[in-house]
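Let me begin by handing over the structure; questions about it come next.
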Amino acid sequence: MTADWTDWTLDRTHRSSSGEVRWAALGAPDRPPVVLLHGTPFSSYVWRSVARALADRHRVFVWDMPGYGASEKHPGQDVSLAAQARVFTELLDHWGLAGGERAPSVVAHDFGGCVALRAHLLHGAHYRRLALVDPVALAPWGSPTYRLLGEHAEVFERLPPGLHRALVREYVASASGPGLHPAVLDRLVEPWCDGEGQAALYRQMAQNDQRFTDEIQGRYGELDLPVLVCWGAADSWIPPERGRELAALIPGARLRLFEGAGHLVQEDAPAELTAALLGFLGE
């Protein structure tokens, strides 16, 4: 059977403080809840394989952050890491996962890691377990390309469509160690390549700032829950040394490296990552 790389739809909506959010839930409602957070410049699509596998044992919630994927994008939108953490806290309440018996486990990739950490440390969001996958958590962060684009967003917003598409394609491709399937790369690039998407991409790059991790980095020692830190050993965006440093700052945290995988571990080593997450979530 040929894989259908386009078969990923978020069929529900929530009106958040930063615009309409598209989301979906997989798995039986009575199973332990797990929420998956994507990073940038991605969407929940990168979690499709892992989410479907986890749904055999869990109720899995996936969502596109405001300004990303199928969720709302508009001029003047607040898509900063601070805003995303507020929206995530709102969503947990909307899903009935704000605490107590229904507190979820959380799996967060890239800047989704900062979002999850801010929601927990600054907004009181409760989790049973937290898995951080190549997270944005320690300063300095952001690849040289990401910083360049963010510092000159007003210039890159005016790139002709063909040049913009080529730039985004090369940038997204560099997130993988062994290389992305062409159809997957197309799916990851496409949301950023119409007029709305091009503006949205540079808007979020301009708004994301190291101060959003600076505000919480000194508090990682306060984390009092099981934490698993996962990292692609061939991550060229955030080196695996940051994973070792982060795990050392969090009491009891464990580090798992995935050989050959780049920043997009979900695409580069989906079976290995899923197995690690199933083991961690099932403990």
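The values are calculated or read from the model by the stated rules, or taken from the named source; none is laboratory data. Not measured: the values here are computed from a predicted model. Here the Cβ is made from the backbone with ideal geometry for all residues, glycine too, and neighbour counts use every protein chain on show.
Would you please name the residue that is surrounded by the most Cβ atoms within 10 Å (Cβ to Cβ), looking only at residues in region 244-254 that are more than 18 Å from the chain's Cα centre (by Cα) and among the hydrophobic types (A, V, I, L, M, F, W, C)?
So the residue we want is 250.
Continuing with this model, one more query. Scan region 6-20 for residues that are part of a loop (DSSP other than H, G, I, E, B) and surrounded by fewer than 19 Cβ atoms within 10 Å (Cβ to Cβ) and report the count.
So the answer is 5.
Additional query: Please name all residue pairs, on different chains or six or more residues apart, with Cβ atoms under 6 Å, provided the first residue is in region 271-283 and is touching a residue at least 24 places away in the same chain (Cβ under 8 Å) and under 13 Å from residue 34 (Cα atoms) and the second residue is crowded, with 16+ Cβ neighbours inside 10 Å and hydroxyl-bearing (Ser, Thr, Tyr).
Going by the 6 Å Cβ cut-off, the qualifying pairs are 281/105.
Output yes when any residue across region 90-109 is under 21 Å from residue 234 (Cα atoms), crowded, with 21+ Cβ neighbours inside 10 Å and aliphatic (A, V, I, L, M), and no when none is. Spell out the reasoning first.
To start, the set of residues in region 90-109 that are under 21 Å from residue 234 (Cα atoms) comprises 107-109.
Restricting the remaining residues to those that are crowded, with 21+ Cβ neighbours inside 10 Å gives 107-109.
Restricting the remaining residues to those that are aliphatic (A, V, I, L, M) gives 107-108.
Yes; the residues of region 90-109 include at least one that is under 21 Å from residue 234 (Cα atoms), crowded, with 21+ Cβ neighbours inside 10 Å and aliphatic (A, V, I, L, M).
Hey, another quick one. Among the residues of region 231-243, is any among the hydrophobic types (A, V, I, L, M, F, W, C), touching a Lys or Arg at 6+ places or on another chain (Cβ under 9 Å), without any contact (Cβ under 8 Å) to a residue 60 or more places away in the chain and crowded, with 18+ Cβ neighbours inside 10 Å?
No: zero hits.
Between a first residue in region 28-40 that is surrounded by fewer than 24 Cβ atoms within 10 Å (Cβ to Cβ) and a second residue that is among the aliphatic types (A, V, I, L, M), which pairs have beta carbons less than 6 Å apart while being 6 or more apart in sequence or on different chains?
33/97
List the pairs whose first member sits in region 94-118 and is at positive phi, whose second member is surrounded by fewer than 24 Cβ atoms within 10 Å (Cβ to Cβ), and whose Cβ atoms are under 7 Å apart, counting only residues at least 6 apart or on separate chains?
96/102; 99/126; 110/40
Could you please let me know if residue 49 is modelled with pLDDT of 95 or more, hydroxyl-bearing (Ser, Thr, Tyr) and under 26 Å from residue 230 (Cα atoms)?
yes
Tell me, please, whether a residue that is surrounded by fewer than 23 Cβ atoms within 10 Å (Cβ to Cβ) and of a type in the set (S, T, N, Q) can be found in region 71-81.
Checked region 71-81: at least one residue is surrounded by fewer than 23 Cβ atoms within 10 Å (Cβ to Cβ) and of a type in the set (S, T, N, Q).
A follow-up question, please. Does residue 163 count as part of a loop (DSSP other than H, G, I, E, B) and of a type in the set (A, V, I, L, M, F, W, C)?
Details: part of a loop (DSSP other than H, G, I, E, B): no; of a type in the set (A, V, I, L, M, F, W, C): yes.
So residue 163 fails the test.
Would you mind stating whether residue 264 is in contact (Cβ under 8 Å) with a residue 40 or more places away in the chain, hydrophobic (A, V, I, L, M, F, W, C) and buried (at least 23 other Cβ atoms within 10 Å of the Cβ)?
yes
Filter region 166-180 for residues that are crowded, with 17+ Cβ neighbours inside 10 Å, in contact with a helix residue (DSSP H, G or I) (Cβ under 7 Å, 6 or more places away or on another chain) and either acidic (Asp, Glu) or part of a loop (DSSP other than H, G, I, E, B) (or both) and give the result.
176, 177, 180
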